[in-house]
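Remarks on the structure that follows.
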Amino acid sequence: MLNEELPRQIELLVDNLRKNGDEARSLTDVAMVTEVLIGTMQAFFKTVDTAVYKECRQLGEYISNARKEIASLQPVDSTGDDDDERSDRLPRAGMELDAIVQATEDATNTIMEAAEEIMGADISDVDAYQALTTDAVMRIFEACSFQDITGQRVSKVVQTLHHIEERVEELSQLLGVSEKDILESKKAEADKITEDQALLAGPALHGEGIDQSSIDALLNDMPPPATTSEEPAPEPTEPTSKEPAPKPTPPPAPEPPKAVSPKQLDNMFEEDFDPMADIAAKEEEKKAKEEAAAKKAASAEPIPEPEPEPNMPAGEEVSQDDIDALFG
Amino acid sequence: MAVDLGMPILIVDDYKTMLRIVRNLLKQLGFNNVDEATDGSMALEKARAKSYSLIISDWNMEPMTGYEFLKEVRADTQLKDTPFIMVTAESKTDNVIAAKKAGVNNYIVKPFNAATLKTKLVAVLGDF
């Protein structure tokens, strides 16, 4: 490299000067040496310049690439131009998911209400009974359309996830994230997860997990005491946990039960939630919603059909009423 | 004009559940002669093989969308007069206008109910 040559060249020049002893130097000698020196120095600085420049440029490119990748991940476009559709992908995906949760909840409620109506119908009047069941069944069919709509929403969310996956992949390549880094961060994450959290994987995918018969088999194989000892204390049905041990009563304590009774088992699984209260709460919420909807419908009814096009802003979602207006 | 409840109807949707729902709602309204297709090209094939009195189609399907299917139907001399109702979750003004321009007879936004379906059928076919 040049920077190694530089001292050597200067050394050569100096040696050359020394060789001539203390003879008087002519101006031409000095000029010549200086020229050589300047030439060498220029070459040296030039290489330093280009090297630094190259480094800087690479750094700049690297930063701007990283910025681009991050920008494409950015949920909201801060510049405000929304011609780029992905600018609002993330919030959109969140809204889609919320809508899915809402739609499935509404459908479930509608279906259950219809089913309850059928169950509780008065069967003495056959005609009324038939009308009521027909109506309820129709509502069940209508409600089932949530599957189509949520399906479409889910595929949109999946698209967004794929997009993000690609971006992250590119970004990590750009930043030179290695397999080792990934493994390390995974491990660090795994270390943070508590035992309880590790058990919260959510619903299994098709083919994952075990089926009910395997679970039954597992439970039957399990020695009964294990269930009691593993279960934390708050067991109201378990008199044993309340009794402190230092009671050496002769009749051998009936503590270690032969098996957990079905009732006890139910209690173990249902301790925390009160289904009745849950249903009641849902009921109330539903009622409030219905009332609001009814009010809205009542106030909306007397309004005459709006004129077609003018109140249909382009690009916006329109209601069935708006569409009806179009078809006169 | 009396509506023949036995008229052949073609319903098109890529979601099987939706086909089933529409079929059941139609059945409830008295229409029993219903065929199904799961995308525009399949529907077009069926429509060319058998003369339908009504087509009810979704928009968003692969490979051929309901919109393309509609345009094909309107461009086909044999099929061009078939009543066509779009039933879709696409609810942007642009969609409705595009569909109307392409010659759709009516447009129902999902989710919809039996009453809406009946109203639109009456609007397109006449009272029944």
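Any read-out appearing in this document is the output of simple, stated calculations on the displayed coordinates, not a laboratory observation. Source: prediction; values computed, not measured. Here Cβ is always computed from backbone atoms with ideal geometry, including for glycine, and neighbour counts include all displayed protein chains.
Things to note:
- The mean number of partner chain beta-carbon atoms within 10 angstrom of a residue's beta-carbon across peptide B:17-28 is 4.
- By definition, a body whose alpha carbon gyration tensor gives a ≥ b ≥ c is rounded when a/c is under 1.5, and the stretch B:9-125 falls into this rounded group.
- Residue (of B:Val73, B:Ile108, B:Tyr52) at the positive-pole extreme of the stretch B:52-118, dipole from beta-carbon charges: B:Ile108
- Amide hydrogen neighbours beyond the local backbone of B:Ile56, cut-off 5 Å, H modeled: B:Leu10, B:Ile11, B:Val12, B:Ile85
- Scalar couplings 3J(HN,Hα) for the stretch B:30-35, obtained by applying the Karplus form with A = 6.51, B = -1.76, C = 1.60 to θ = phi - 60°, are x, 8, 10, 9, 10, 10 Hz; x denotes Gly and Pro.
- At R0 = 25 Å, FRET efficiency that the Cβ-Cβ distance of B:Thr77 and B:Lys100 yields, to 0.05: 0.70
- A quarter of the convex hull surface defined by the alpha-carbon atoms of the stretch A:113-215 gives 12.1 nm² as the mean projection.
- Per-pair calculated FRET efficiency, R0 = 41 Å: A:Leu174 and A:Arg18 via Cβ, rounded to 0.05: 0.15
- Out-of-range pairs (alpha-carbon distance over 31 Å; input B:Lys27/B:Lys80; A:Lys156/B:Lys120; B:Lys80/B:Lys120; A:Lys54/A:Lys192; B:Lys50/B:Lys110): A:Lys54/A:Lys192
- Between the stretch B:15-80 and the stretch A:180-201, the alpha-carbon centres lie 50 Å apart.
- By DSSP, the beta bridges lying fully in the stretch B:9-125 are antiparallel in about 0 percent of cases.
- In order along the stretch A:180-185, phi translates into HN-Hα couplings of 5, 4, 4, 4, 4, 5 Hz, rounded to whole numbers, per the Karplus curve 6.51 cos²θ - 1.76 cosθ + 1.60 with θ = phi - 60° and x for Gly and Pro.
- Phi-based couplings in Hz for the stretch B:50-61 (Karplus 6.51, -1.76, 1.60; Gly and Pro marked x): 9, 7, 9, 8, 7, 10, 10, 10, 6, 9, 7, 9
- Residue order for A:Arg139, A:Arg8, fewest other beta carbons within 10 angstrom first, comes to A:Arg8, A:Arg139.
- Counting only other chain Cβ atoms within 10 Å of each residue's Cβ, the peptide B:90-98 averages 5.
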